[in-house]
1. Cα centroid distance between segment 103-150 and segment 1-78, in Å?
2. How do 57-68, 318-329 rank on mean C-beta neighbours within 10 Å, highest first?
3. Place the peptides 226-237, 346-357 in order of packing, highest mean first, counting for every residue the other Cβ atoms within 10 Å and averaging per peptide.
4. Under the classification rounded if a/c is under 1.5, otherwise prolate if a/b is larger than b/c and oblate if not, where does segment 300-358 fall, given a ≥ b ≥ c as square roots of the Cα gyration tensor eigenvalues?
5. Report the dimensions of segment 1-42 along its three principal axes from the alpha-carbon atoms, largest first, rounded to Å.
6. Report the one residue of 45, 29, 367 whose Cα lies farthest in the direction of the positive end of the charge dipole of segment 2-373 (charges on C-beta: Lys and Arg +1, Asp and Glu -1; origin at the Cα centre).
7. Restricting to lysine pairs 8 or more places apart or on different chains, what number in segment 2-373 have Cα atoms under 16 Å apart?
8. Can you check what the net charge comes to around residue 130, using other residues whose Cβ is under 9 Å from the Cβ of residue 130 (Lys, Arg +1; Asp, Glu -1)?
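Each reported figure results from applying straightforward, stated rules to the coordinates on display, with no laboratory input. All values reported here derive from a predicted model rather than from experimental measurement. Cβ: placed from backbone, ideal geometry, glycine included. Neighbour counts: every protein chain shown.
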Amino acid sequence: MRFVRLEIRKIMSSYAIWGFIALSFAFNVLLILSKGTDGYSDYIAGVSVETGVYVDKDFNQKLAALTQSDYRERLTWETAGLKDVFNGYNAEEIAEAYIHALHLSGNTAEDMREKYAALQNSVNEKAQRGDSLSLYFAGSTYEQHKKLFGGLMTALCREGVLIAVLTMLLVLGHEHIHRTEQVVYTAKSGRRIVTKKCIAAMLAGFGAYLLLTAFTLALYFALNDYGGVWGSNVSSGFNAIQDIVTGFRPFVTWNSFTVFTYLLATIGISLGIMFCFSLVGFVAGTSIRNSYIAFLAVFIMSILFVAIPMMLPGNTYAMFVFTLTPVWLLLKQPLWFTDGGMDVLWRHFETTGVCLSLALLLLFAVIAFHKFRKKDIL
């Protein structure tokens, strides 16, 4: 553990890492400020502490007792017409629309139907619980949800991935840059040292991401009050998914999430994807001595993983398998914990994708390590 601590200290003394974190935070600040604030959303966050977030008769009575204002009138008008969107909702129609749009047939078509048949069970459960009768930010819900989960959290995850890769390559390439390979790798521990370097890089990367996330979200929530909205269900009737095939449709999650638990789950999957890219960095860093070339290799590989499925026929499993890779999971972040859209064939794609990717990348990392042990360092 002493060696791991020393490697973490080495990372923490790197101006490059701190510089990237500072630039990322500056970008996030600009992103937050560019979106501005919403007075109506702040009003809802405040009054929801008193009225609660479940829109029923009790909510309406408490809302009517509040001080008269334009915001109160708007909220009264919007909640008065709120209906349970999951009552009678048929999720299986989405499957047929996707099958027609992608020209699916055979097993892929059946798998698509199976996914939305399973989603229908979640819809029925949400109808029984009344999840859609949750306030969230009322008429501002779609934009507010998109601003946080489709914008800021997406940026943080991608920054975390870059931190994970850069940190790993920095640690693994340190000996090559400073020409100390022959001294370090011929010591008693030998090339097994790279496993400790890997652990140190992962811990430092996770710590940097959590630090960046903490400061970024602290600023965001200082400017955007959430008040009682934290307890709202993200599958509120005011929330929606914009789909290129079916248009706007309810935001259906497989499980029941409040805004707070959905945020925690998003951070959890982001850490999982960071873990995946740390392993990618480890494989690249142990296979390619030059860290700059290794980073370029990771970048090119990521581009290929995005481009290849776009060139594959829609009625093949290969295209859908690519959506389970870490690169595609990044692109699909706004739809995590939902059905995922027409290019996702299996339920819980974000969790499944992270687990399968980790298993495969761990195997690649072990192979890369064994090859590195026999590799000529001259």
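1. 23 Å
2. Details: 57-68: 12.2, 318-329: 19.7.
So the order, starting with the most tightly packed, is 318-329, 57-68.
3. Details: 226-237: 22.7, 346-357: 19.2.
Going from most to least packed, we get 226-237, 346-357.
4. Values: a/c = 1.65, a/b = 1.22, b/c = 1.35.
Since a/c reaches 1.5 but b/c is at least a/b, the shape of segment 300-358 is classed as oblate.
5. Per principal axis, max minus min of the Cα coordinates gives 53, 20, 7 Å.
6. After comparing all options, I get 367.
7. Summing the qualifying lysine pairs gives 10.
8. Numbers: positive: 126, 129; negative: 56, 84, 131.
Overall, the nearby charge balance is -1.
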